[in-house]
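**Q** Take this structure first; my questions come after.
The values are calculated or read from the model by the stated rules, or taken from the named source; none is laboratory data. No experiment lies behind these values; they were computed from the predicted model shown. Cβ placement follows ideal geometry from the backbone for every residue including glycine, while neighbour counts extend to all protein chains displayed. To get the accessible areas, we keep the full protein, side chains included, count just its heavy atoms, and leave off ligands, DNA and RNA. Shrake-Rupley method; radii C 1.70, N 1.55, O 1.52, S 1.80 Å.
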Amino acid sequence: MTTSTLTRLDATSVEIVIPVLPDALDRAREVAFRRLSKNARIPGFRKGHIPRRVFEQTYGTAGIESEAMEDLVPELYSTALREHELAPVARPKLEMLPSAENEPMRVKARVEVRPTLELGAYEGLSVSVPERTVSDEEVERTLEGLARDRGTLAPVDRPAVLGDIVTIDFIGRIDGTPFEGGSAEGQVAELLEDRFIPGFATGIVGMSAGERREIETQFPEAYHASDLAGKSATFEVVLHDVKHLEMPTLDDAFAAEVSDFATLGELRAEIRKRLEGIAAARVRREIGNAVMEQLVAAHDIPVPPSLLVAEREQLLEEARRMAQEQGTEFHEYLASIGKTEEELRDELTGDAERRVKGTLLVEAIADAEGIEASPAEIQSELALLARRYGQPIDRVRAALAENMQSVYDGIVRNKTLEFLIDKAHRVAAP
Amino acid sequence: MDARDIILSPRITEKSMANSIGHQYTFVVHPSATKTQIRHAVEEIFSVNVEKINTINVRGKARSSARRGIRTEGKQSDFKKAVVTLKAGQKIELGGINYFEQ
């Protein structure tokens, strides 16, 4: 059998020339003709009962030919991939080569492939990551948060201070004219300086229920609504009432109410345990990042352009989604960071490159270490996805049918990363 | 009558193609053509020897259509069909292409 010839163009792309064997071509033509003739109408024949000669006489051979090639080329291409053990990362560019008389036809495929990496040392890397300890303060803060959730609002008869809950009406004016979104009635708000534009909360401090006051404020330069940024505004505020958040006393009774623990000491210990768990996970993540950073820097990894582009577009898409979740339009977001879409894209190229390199490296290491995902792991990953989307597991499986490979790859990548973290040698950073 | 006014066209259908395996070729011929006329015409045009000829007068099928409640009755044209059996081993080629062989 004639085999295809492989030419490496550069580290990430190859060219394969695949001969089309006459036998295979004839078979493909026959199959193509059968399929086409099913729907062809020629007077005197039932559908699908047209002899090939009559069909070709009526419709010509071009249709059969192109249909046959469409079937045959992908098949030849995937056979050639197996033959050369290539891992393509993008769709191939396929092209028919002109062929001489009596020579078999040839197909040229140009495709980007995963680069072969020369793996350097990846075990026992020294990374310096700062220690994360949980302070008593953090525990107390968490406890306080729990207490706030259980707090009750009690009206107080005194001028407002920071931290009070107030009910206010306000009308905002710039140069004497009210502006969009600058007014509200019966707004309940916690009086904290950083909840409002500068000067607003402090301006209310000292007011008593029923009082009216004019407050001078200035919008910050970096305000998200660009037509307001930097402007001075006057707010006419009416304070209706002042409430104070009464917090429950932190004692064993409180612990029993908010948790399954009988004493405050036990609750504290549990909170500490959880915070420590979060801190440990964070340290692990930091070790992982540091290891990947070192590995990427230590390896020469050719990046296939198509992967780079795909990754970059994905990052851009994420930025777009994040802007939308925060309720701003993407072009507003671009304006707020002072960049055009093109500039942002350029900027993301570096990130994308690092990420692609990281992925390629992790995959190469997974290969070298023979790290695989077991059916049980896939099952539990699917269960996780099912819970997250609130769908039955079979539905998730069906929806993913085409992308099962990516689930598998994701598990392998995570396991490899865990493996690298376990093998890394940690040096405590100052 | 000229040979080409007698033989009007080859009749290429599933049935006629099935016959051609046994050296039978089917043509649409002039409605008043006789077997003898057809024999001479085929021999002249295709330079073959005709063994036997069967002729059939085909009645056109009745067709009717209805559009906005108005029925239109019609009928496909009648024609005469001749099945020509050639001497064993002989073939007919039409414009370089033998329609009758699969």
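**Q** Within chain B, which is the longest segment containing none of the GluC sites (Glu not before Pro) that sit in a DSSP loop and have at most 14 other Cβ atoms within 10 Å?
**A** B:1-92
**Q** Find the sum over both chains of the accessible area lost when B and A are paired, probe 1.4 Å, and report it in Å² to the nearest 100.
**A** Approximately 800 Å² gets buried when B meets A.
**Q** When Cβ neighbours within 10 Å are restricted to other protein chains, what is their mean count per residue of peptide A:52-59?
**A** Counting other chains' Cβ atoms within 10 Å and averaging over A:52-59 gives 3.
**Q** Helix-only estimate, please: 222 nm mean residue ellipticity of chain A, summing -39500 (n - 2.57) across DSSP H runs of length 4 or more and dividing by its residues, to the nearest 500.
**A** -16000 deg cm²/dmol
**Q** Would you please name the trypsin sites (Lys or Arg not before Pro) within the range B:25-87 that are DSSP coil residues with at most 12 other C-beta atoms within 10 Å of their C-beta?
**A** Sparse-neighbourhood loop trypsin sites (Lys or Arg not before Pro): B:Arg59, B:Lys61, B:Arg68, B:Lys87.
**Q** Could you compute how fast the range A:1-107 diffuses translationally, taking Rh as the Kirkwood radius over C-alpha pairs and applying Stokes-Einstein at 10 °C with viscosity 1.306 mPa s? Give it in µm² per second.
**A** 101 µm²/s
**Q** In whole Å, how far is the Cα centre of the range A:42-87 from that of the range A:313-385?
**A** The range A:42-87 and the range A:313-385 have Cα centres separated by 41 Å.
**Q** Net charge within 13 Å of A:Thr58 by Cβ-Cβ distance, Lys/Arg positive one each and Asp/Glu negative one each, not counting A:Thr58 itself?
**A** +2
**Q** For A:Ala222 paired with A:Val31, estimate the spin-label separation in nm (one decimal), with each label point 7 Å from Cα along the Cα-to-Cβ line.
**A** It is 6.1 nm.
**Q** Quick check: from the Cα gyration tensor, does the range A:32-72 come out rounded (a/c under 1.5), prolate or oblate?
**A** Since a/c reaches 1.5 and a/b is larger than b/c, the shape of the range A:32-72 is classed as prolate.
**Q** When the solvent-accessible surface of protein heavy atoms is calculated with a 1.4 angstrom probe, in what order do A:Leu86, A:Leu384 fall, highest first?
**A** Result of the area sort, largest leading: A:Leu384, A:Leu86.
**Q** Can you give me the accessible area per residue for the protein assembly as shown, using a 1.4 Å probe, in Å²?
**A** 61 Å²
**Q** For A:Arg41 and A:Asp422, FRET efficiency with R0 = 60 Å and r from the beta-carbon atoms, rounded to 0.05?
**A** That gives a FRET efficiency of 0.35.
**Q** Taking each residue of B:73-85 in turn, how many C-beta atoms of other protein chains fall within 10 Å of its C-beta, and what is the average?
**A** Counting other chains' Cβ atoms within 10 Å and averaging over B:73-85 gives 0.
**Q** For helix B:35-46, report the angle its Cα long axis makes with the longest principal axis of the Cα atoms of chain B; keep it between 0 and 90° and round to the nearest 10°.
**A** 70 degrees
**Q** Out of the GluC sites (Glu not before Pro) in the range A:177-275, which ones are loop residues according to DSSP with at most 12 other C-beta atoms within 10 Å?
**A** Sites meeting the loop and neighbour criteria: A:Glu221.
**Q** Taking the simple approach of a point 7 Å from Cα along Cα-to-Cβ for both A:Asp149 and A:Asp10, what is their distance in nm?
**A** Inter-label distance under the simple model: 5.5 nm.
**Q** While we're on this one: Along the Cα→Cβ direction, 7 angstrom out, place labels at B:Asp78 and B:Asn57. What is the inter-label distance in nm?
**A** 0.5 nm
**Q** A follow-up question, please. Helix by helix, which DSSP H runs in chain A go 18 Å or more along their axis at the Cα atoms and have an average Kyte-Doolittle hydropathy of -1.0 or more?
**A** What comes out of the filter, once short or polar helices are dropped, is A:22-37, A:62-84, A:264-298, A:305-325, A:341-369, A:375-389, A:404-423.
**Q** Please list 3J(HN,Hα) in residue order for the range A:108-123, calculated via the Karplus relation 6.51 cos²θ - 1.76 cosθ + 1.60 where θ = phi - 60°; whole Hz, with x for glycine and proline.
**A** Once θ is set to phi - 60°, the couplings for the range A:108-123 become 10, 10, 10, 8, 8, 10, 5, x, 7, 9, 8, 6, x, 5, 10, 9 Hz.
**Q** So which GluC sites (Glu not before Pro) in the range A:98-131 pass both tests, a DSSP loop state and at most 15 other Cβ atoms within 10 Å of the Cβ?
**A** Loop-located and lightly packed - A:Glu101, A:Glu118, A:Glu123, A:Glu131.
**Q** Of chain A, which part is the longest with no trypsin sites (Lys or Arg not before Pro) in a loop (DSSP not H, G, I, E, B) and with at most 16 other C-beta atoms within 10 angstrom?
**A** Result, exposed sites excluded: A:232-338.
**Q** Sort A:Leu192, A:Leu162, A:Leu295 from largest to smallest accessible area, using a 1.4 Å probe on the heavy atoms of the protein chains.
**A** Solvent-accessible surface, decreasing: A:Leu162, A:Leu192, A:Leu295.
**Q** Moving on. Whenever you get a sec, compute what percent of the accessible area on the protein assembly as shown sits on carbon and sulfur atoms (1.4 Å probe).
**A** Heavy-atom surface of the protein assembly as shown belonging to carbon and sulfur, 1.4 Å probe: 49 percent.
**Q** A further question on this structure: Send over the semi-axes of chain A's equivalent ellipsoid, whole angstrom and largest first, taken as the square roots of 5 times the C-alpha gyration tensor eigenvalues.
**A** Values for chain A, descending: 63, 32, 24 Å.
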